[in-house]
Amino acid sequence: SSLRVVYAFAREMHPKTSDVFIEYGTAGFRTKANLLEHVVYRMGLLAVIRSRVKNGRTIGMMITASHNLEPDNGVKLVDPDGEMLEESWESIATTLANVSDNDLEKTVQEIIATEKADMALKASVFIGMDTRYTSPRLAAAAANGVIALKGTPKEFGIVTTPMLHFFVKCRNDNTYGTPTEEGYYEKIVGAFKNIRKRLPARGDYNPRLYVDGANGVGGKKLKAIKKNLTELELELFNLGGVGEKLNLGCGADHVKVTQSPPKGITHPPFQRVASVDGDGDRIVYYYLDEQQKMYLLDGDRIATLIASYIQELLQACNATDISLGIVQTAYANGASTKYIQETLKVPVEFVKTGVKHLHHAAKTYDIGVYFEANGHGTVLYSDKAKKTINRISQEGDPTERKAAQLFLDFIDLTNETVGDAISDLFIVEAILCARGWSAVQWMELYDDLPCRQLKVTVKDRSVIKTTDAERICSEPEELQLKINELVAKYTNGRSFARPSGTEDIVRVYAEAETRQQADLLAAEVAQAVF
Ligand code: NG1
Ligand code: ZN
């Protein structure tokens, strides 16, 4: 039977070579690349089963370790609507990844039975990978897994994570777009060009944008886009040339966490710079002043910029019955939350770290804007919102119609499946252009509280349990009491500690009125954790 083939195939080609337990976490499986081949092969098997459980709809597999350094790699599954794998399947994936080669056939059979997969159905799996040198080998293992259960793999080669999500969505819902790289550019870049036709550059907006590509796939794709782009003057850096290492000293995570510019770029004062991460799903902006002081415009800044603009568009269309909400995590700067509540007066909700939680919460609004502070986020438009705006674009009075038509282009510009650095870049640029703003004017919306993130290595990070969207530590109880005590010493102090879902560490976050106080509070809480 085909299952015997799977079993033999695994033994011969992708045997389990490590006994280290591996877990499907917030970012799928992620570890040293040399420990992953059997995991990826098995995820190929699982993707076929999942596709059949979903009536033969296409499932995605992305080979990437995002902002991690080159020796790591990972794999994530994408569900038919282009969203992350349903949470209940994460434990199934974990089980399958960890069984011995001897138990593989039995486990596959059990999953098929429990999930009632009709193995007679066709199955389709889209596979994408980032630029790591270990990715082609892992993508091949993924395809082998798909073939072993008689599914049909389609390999897209090197693409950004959000591009793969987009392809999967389009394949299963052709009203969303065409599931090819060209289809992606046509929709996203096409929408940007339409917007720019409606809104020529004005005021203090300067169409010149510098980009830090993290030496990964995002920069490479922007290079392709740049060829046909006259509306923006892109200056691209860190494109992964000879000797330039992925994510090393550059990229969105480096810029956000170290609060310093990436290597590989020099720029004039006040030049707007966008920094993307290794697989092109995160983006942050920054600029330096004449004294080389850095001003960071992170995910919270992008969320507030987008939400405030959507609010304007809703008003201009007179779409009064459309609800707008923002979703943040504990890492959101307190000043951004205050701005949302007090100035924008938009509802804001907190969820646990990890994009799937934000995505889920954002769906409860007619329009939901979600961003992690690290620059991973997007906007979700409900059918109700889309229908309403569409109707106004045809039936509203002339001003309303015009606003609604512009709004429709903004919806097209958005990759709703997942946070997308390229889509977000064009959204930010379109809004800055619409407002005639420089990055300095964007920065003036509110002042961030100085903040600091630290990593603490502990013997067993799982002893720390959290509650209230990870803002409170429920176990050990003494730890939260200690944090309360430390925080109370500082003006506008806030701090929390949580075990990372992607690294074997505890993350400590602190913010306070001054840089010195934020640093001190973080250090004190880290000491308490340790
Ligand atoms: P962990 O390691 O659980 O903090 C990190 C990021 C998340 C998310 C995931 C997946 C921070 C503080 N945490 O999770 O936001 O992006 O990686 O990549 O940035
Ligand atoms: Zn990423």
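Couple of notes before you dig in:
- Boolean, residue 285 is outside any helix (DSSP H, G or I), closer than 14 Å to residue 424 by Cβ, away from ligand 2 (no atom under 16 Å from the Cβ) and not acidic (Asp, Glu): yes
- Residue within segment 416-426 that is under 16 Å from residue 284 (Cβ atoms), away from ligand 2 (no atom under 16 Å from the Cβ) and under 24 Å from the mean Cα position of the chain (by Cα) present: yes
- The single residue among 227, 256 that is among the charged types (D, E, K, R), within 16 Å of ligand 1 (Cβ to nearest atom) and over 23 Å from residue 63 (Cβ atoms) turns out to be 256.
- For segment 98-114, a residue qualifies if it is part of a helix (DSSP H, G or I) and either over 16 Å from residue 39 (Cα atoms) or touching a residue at least 60 places away in the same chain (Cβ under 8 Å) (or both), and the qualifying residues are 98, 101, 104, 105, 106, 108, 109, 110, 111, 112, 113, 114.
- The residues on offer are 462, 474, and the sole one that is within 27 Å of residue 360 (Cα to Cα), outside the structural domain of residue 289 (by TED's automatic domain parsing) and at pLDDT below 95 is 462.
- Across segment 273-288, the qualifying residues are those that are touching a residue at least 60 places away in the same chain (Cβ under 8 Å) and surrounded by fewer than 24 Cβ atoms within 10 Å (Cβ to Cβ), and the one among them that is nearest to ligand 1 (Cβ to nearest atom) is 273.
- Leading residue by the ranking (nearest to ligand 2 (Cβ to nearest atom)) among those in segment 495-513 that are touching a Phe, Trp or Tyr at 6+ places or on another chain (Cβ under 8 Å) and assigned to a loop (DSSP other than H, G, I, E, B): 512
- The set of residues in segment 1-37 that are out of contact with any Asp or Glu (no Cβ under 8 Å at 6 or more places or on another chain) and part of a helix (DSSP H, G or I) comprises 2, 5, 8, 9, 12, 13, 34, 35, 37.
- Residue in segment 42-55 that is away from ligand 2 (no atom under 16 Å from the Cβ), touching a residue at least 24 places away in the same chain (Cβ under 8 Å) and part of a loop (DSSP other than H, G, I, E, B) present: yes
- Per-region count, segment 350-368, residues away from ligand 1 (no atom under 16 Å from the Cβ) and touching a Gly at 6+ places or on another chain (Cβ under 9 Å): 5
- The criterion of at least 3 residues that are under 20 Å from residue 403 (Cα atoms) and in contact with a strand residue (DSSP E or B) (Cβ under 8 Å, 6 or more places away or on another chain) is met by none of the strands (runs of 3 or more DSSP E) wholly inside segment 293-354.
- Options 147, 188, 195: the member that is in a helix (DSSP H, G or I) and in contact with a strand residue (DSSP E or B) (Cβ under 9 Å, 6 or more places away or on another chain): 147
- Residue check for residue 512: within 16 Å of ligand 1 (Cβ to nearest atom) and surrounded by 18 or more Cβ atoms within 10 Å (Cβ to Cβ): no
The values are calculated or read from the model by the stated rules, or taken from the named source; none is laboratory data. All of these numbers come straight from a predicted model, not from anything done at the bench. Neighbour counts run over all protein chains shown; Cβ positions are idealised from the backbone, glycine included.
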